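A short write-up of the structure that comes next.
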């Protein structure tokens, strides 16, 4: 019986060593933990990543960073901690959206105001040519629109189909012409 238990433990040890030997799998698992913590707002887990020197601007397959995910999911304390630790609020996902755009879209106004205090260009555009001000106008986030304007956002800048923040705020929405 001892030989059998010893053999099972040896097999388990080898499988654990084999899993640990794959750096790509370890990296993927760490990223999963990191992004899951952002979605849940697990600041204790974030602090562990920060203390270990983990890259705070790591992006997933869609280009999302922990800051983008935390802003989108309304995790204000997580957003604050990431920014205090040096996360870049200007990073764009693969569609060009930023954490600020995600916060405005979801109606996370306090988080959006915190992100407005960063050094990002207020007229930063996504892949469709839209700005954070356009999101604020579209979703009637008037207070944020005023703050974006005070920060220098061009409320008359247009996207590819002619929408501007000021037009969107007044309810005028242009859509692409039918093909």
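Just need a number here: residues in segment 21-72 that are at pLDDT below 95 and in a loop (DSSP other than H, G, I, E, B).
Going through segment 21-72 one residue at a time, the tally reaches 2.
Conditions (1) out of contact with any helix residue (DSSP H, G or I) (no Cβ under 9 Å at 6 or more places or on another chain); (2) on the phi < 0 side of the Ramachandran plot, marked per residue:
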{"position": "47", "(1), (2)": "no, yes"}
{"position": "51", "(1), (2)": "yes, yes"}
{"position": "58", "(1), (2)": "no, yes"}
{"position": "74", "(1), (2)": "no, no"}
{"position": "102", "(1), (2)": "no, yes"}
{"position": "114", "(1), (2)": "no, yes"}
{"position": "119", "(1), (2)": "yes, yes"}
{"position": "123", "(1), (2)": "no, yes"}
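Here are some residues: 80, 88, 123. Which one is surrounded by fewer than 19 Cβ atoms within 10 Å (Cβ to Cβ) and either without any contact (Cβ under 8 Å) to a residue 24 or more places away in the chain or more than 27 Å from residue 33 (Cα to Cα) (or both)?
Of the residues listed, the single one that is surrounded by fewer than 19 Cβ atoms within 10 Å (Cβ to Cβ) and either without any contact (Cβ under 8 Å) to a residue 24 or more places away in the chain or more than 27 Å from residue 33 (Cα to Cα) (or both) is 123.
Run down 38, 66 and say which single residue is touching a residue at least 40 places away in the same chain (Cβ under 8 Å) and not assigned by TED's automatic domain parsing to the domain that holds residue 127.
38
Answer yes or no as to whether residue 83 is over 18 Å from residue 144 (Cα atoms) and at pLDDT 95 or above.
yes
The values are calculated or read from the model by the stated rules, or taken from the named source; none is laboratory data. Nothing here was measured: the structure is a model prediction, and the numbers come from that model. Don't worry about glycine lacking a Cβ; one is built from the backbone with ideal geometry, like all the others, and counts go over all protein chains shown.
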